[in-house]
Each structure stands twice: as C-alpha cells, then as structure tokens.
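Below you'll find the structure, written out as structure tokens, and then a few comments.
The values are calculated or read from the model by the stated rules, or taken from the named source; none is laboratory data. This one's a predicted model, so the numbers in the text were calculated from it and none came from an experiment. For neighbour counting, all protein chains shown are included, and Cβ atoms are generated from backbone atoms with ideal geometry for every residue, glycine included. Areas reflect the complete protein model, heavy atoms only, side chains present, ligands, DNA and RNA absent. Shrake-Rupley method; radii C 1.70, N 1.55, O 1.52, S 1.80 Å.
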Amino acid sequence: MERAVRELWAESRDLLGLGSPSPDDTAAASAVPRADLPPTPLAFLRDHVSPGRPLLVSAAGTRHWPAASLWPTASYLTDALRSTAVSLHLTPDGRADALAPHPHPGRPGSSSAPKCFASAHVRRVDFPTAVRLIRGSDPAAGVVAYAQQQDDCLRGEYAAVAGDVDAHVPWASEALGSLPEAVNLWIGNAHSVTSFHKDHYDNIYVVVSGEKHFLLLPPTEHHRLYVRDYPAAHYVAEEKDTDGEHQVRLKLEMEEPGRIVPWSSVDPCPGSPEEMAAQASSFPLYFDGPAPIRCTVRAGEMLYLPSMWFHHVSQSPGPNGLTIAVNYWYDMQFDIKYAYFNFLRSLEIDDCSSGEAGALEGDLEEKND
C-alpha cells in the first residue's frame with residue numbers, strides 16, 4: 001500500500017507540473033507557478049481551479065489598492081483604528097491552533113509525552129494596544145500576540161479600513177461563481193507560526209506588508225502529515241502586578257466538556273537537532289518523502305491556494321515591524337474530488353492513520369493561516 005501511495009504522490013505532482021524533489025535537494029525545490037498579471041477568469045478556472053493548482057500573482061494585481069501604500073506605514077492603521085476594539089490572540093510561543101504538551105501528562109502505560117490541540121487566549125483590546133503588543137511579542141517573555149480572528153473580521157471589527165482593499169478578487173469571483181464568504185485581516189510579527197492544516201475554502205491570500213513563507217502539500221499527500229485525534233485545550237491568562245509591572249502568564253487548560261480535534265502531528269521546522277531526529281523517526285513519510293513545495297509571498301503579491309491543500313505558514317515583518325495580510329475565503333465545491341479524498345484518507349499505511357477522525361464536522365475546524 002505504501003508503494004502505491006508514494007506513486008500517487010509523484011504522479012499527482014507531475015500532473016500539476018510541480019515535480020517531486022527529495023527533501024535534501026533544495027536546488028530542485030518545486031516552485032508555484034507565477035503570473036506577472038492577474039489571469040483571466042477562464043484561464044484561472046481552466047489552469048488552476050479545475051486541476052487544483054496553486055498560483056502566485058505579482059504585485060500588479062494589488063497596485064491599485066490604497067492599502068498597498070498606506071498600511072505599511074508606521075501610523076496609518078493605528079490612526080484609522082484608534083478607537084476600535086479588536087480580538088487579539090495570545091500564546092506563549094506564537095503557535096496558536098497547534099499541538100502542545102498535554103498539561104496533565106500522567107497517563108499510565110504511555111511511552112511518549114502526550115499532546116493536545118491548543119487554542120490561543122483571546123482578549124479584546126484597542127487597536128493601538130494590539131499593535132504595541134504584537135510588535136513587542138517575544139517567546140522569551142512568554143507572550144506572543146497575533147491578530148488572526150478569522151470570522152470575516154476585515155468586514156467586521158476592521159470595517160473602518162476595509163475600503164482600502166478590493167471587496168473581492170474579480171477574476172476569482174467570476175471563475176468560482178461566487179463572492180467570498182469571509183475576508184480576514186492578519187497582523188503579526190516573525191514569531192507567529194501556523195502549523196500544517198487544510199481549509200475547505202479556495203483561498204486568495206494577499207500580503208500587504210512583510211512576507212509570508214508557505215510550505216505546501218497537495219491533498220494526495222495526506223498520509224504524510226499523520227493526522228490524528230487530539231484533545232482540545234486553550235490558554236488562559238493569569239495576571240499579576242510585580243514591582244509595579246503588570247505581567248501576564250499563559251496557562252494551558254483542557255476544554256470542558258472535552259472535544260477532539262483531528263490535526264497534523266508533524267512539525268516541519270523543529271527547534272533543535274534532537275527534536276528533528278525525533279520528528280524524522282516518528283513521521284518518516286513526511287521527512288523521507290518529496291520536499292514540500294515552498295512559496296514566499298511578498299508585499300503586494302497574492303497566492304491562490306486551492307481548497308484541501310495542506311499549508312504551514314511562517315512570516316517576516318516589513319519595515320513597520322509587522323506582517324500584514326488579507327485573505328479571501330471562497331466556499332469550496334464538495335464534488336467528486338472530495339469523495340476521492342475521503343477514500344484516500346481511509347486507507348491505512350502502517351500506523352500513520354491511527355486515531356484519525358473522518359467526520360466533516362472535524363474537518364471544518366481546520367481554518368488557520
């Protein structure tokens with residue numbers, strides 16, 4: 001079975017024109033197709049939506065946006081949103097909606113440290129305070145802040161600046177036959193990282209300041225991510241004043257009532273050689289398979305990420321100390337490709353599928369960037 005699935009990985013990449021370089025062959029790393037100008041709706045539908053093939057569009061597609069020149073400045077957003085309360089997500093290490101050590105690890109008979117799916121602590125603050133906390137975020141201090149609300153927040157709590165970008169992406173809307181269900185704003189610094197996941201949306205992701213660094217895997221490589229069931233937890237804030245200084249400490253607590261989240265077990269960028277060795281030993285299908293497709297999206301550029309593609313995201317801030325992005329989520333079509341995917345993930349290769357949830361309800365929780 002493993003041999004047949006590996007052949008599927010190679011064949012699907014070849015059909016998408018992406019190649020299958022080995023993990024050590026960085027010179028031959030696959031590249032996402034790039035367009036100097038936005039495609040026509042017909043070309044976009046034919047060459048990218050139908051086959052499920054990513055596309056990187058140059059800054060020509062956003063040059064007319066007021067946000068392209070205004071948002072990277074030091075003060076525009078702070079002034080425009082001075083009296084606006086926004087949702088700020090806090091974690092100790094910049095990894096919201098990711099795996100973390102279980103806060104109560106004592107499980108009889110367990111041979112490895114158990115993990116849980118950890119969600120951020122969310123608090124409402126005024127936008128200038130949010131920007132200050134994001135710029136000052138540092139895992140060494142135990143708090144990393146990220147504006148990542150994901151609930152159509154650009155047209156909600158950030159509505160005062162929503163007119164600085166297009167309300168939708170015209171060539172994508174025409175090709176997909178709908179307007180976006182949600183338009184979100186993301187603001188963070190270099191410490192915010194999004195773990196491997198997939199979304200049930202066709203995603204147009206636009207960077208306005210800084211850069212976003214994507215690792216991509218097509219849906220056919222599902223088994224490489226060892227998606228398993230994890231109990232849900234969330235961070236809570238413990239606050240105190242010490243020597244006149246207000247301190248926030250984040251503590252992980254399990255959700256009550258309990259909830260299970262299917263999530264990727266793989267960390268593609270471990271922090272030490274020891275952690276890398278442990279990851280490579282535990283998840284060989286990822287680390288011994290073809291290299292992930294790498295794509296850096298720079299200020300002004302937009303990435304089309306087809307629904308169901310797995311993606312891991314890190315970022316670099318712009319001159320204003322922030323990484324700012326907007327994304328447009330278009331509802332995916334639940335067609336025969338979705339049925340094929342469900343069949344594929346039902347196949348077991350050794351133990352890589354153990355504990356995986358197959359329900360659509362669990363899938364729809366996987367929306368992060």
³J(HN,Hα) computed for each position of region 144-154 - Karplus, 6.51 cos²θ - 1.76 cosθ + 1.60, integer Hz, glycine/proline x: 10, 9, 8, 8, 8, 5, 6, 10, 6, 5, 5
Sum of -39500 (n - 2.57) over DSSP H runs of 4+, divided by residues of the chain (222 nm, nearest 500): -5000 deg cm²/dmol
Convex hull (Cα only) mean projected area of the chain, reported in nm² to one decimal: 19.4
Fraction of accessible area attributable to carbon and sulfur, the chain (%, probe 1.4 Å): 54
Contour excess over end-to-end distance, with Cα ends at Phe334 and Glu238 and 0.36 nm allotted per residue: 30.3 nm
Debye-sum result for region 1-159 in log10 I(q)/I(0), which assumes one identical scatterer on each alpha carbon, at q = 0.12 Å⁻¹: -0.96
Per residue accessible area in Å² of the chain, where ligands, DNA and RNA are left out and the probe is 1.4 Å: 44
Highest to lowest packing among 252-265, 323-336, scored as the average C-beta count within 10 Å: 323-336, 252-265
Average Cα contact separation per residue, the chain, under 8 Å, 6 or more apart, as relative contact order %: 26
Alpha-carbon Debye profile of region 144-194, log10 I(q)/I(0) at 0.25, 0.30 Å⁻¹: -0.96, -1.09
Proximal lysines relative to Lys198, as straight alpha-carbon distance under 24 Å, when same-chain residues fewer than 8 apart are discounted: Lys115, Lys212, Lys337, Lys367
Average Cα contact separation per residue, region 94-193, under 8 Å, 6 or more apart, as relative contact order %: 32
Cα shape, region 152-296, gyration tensor, a/c 1.5 rule: oblate
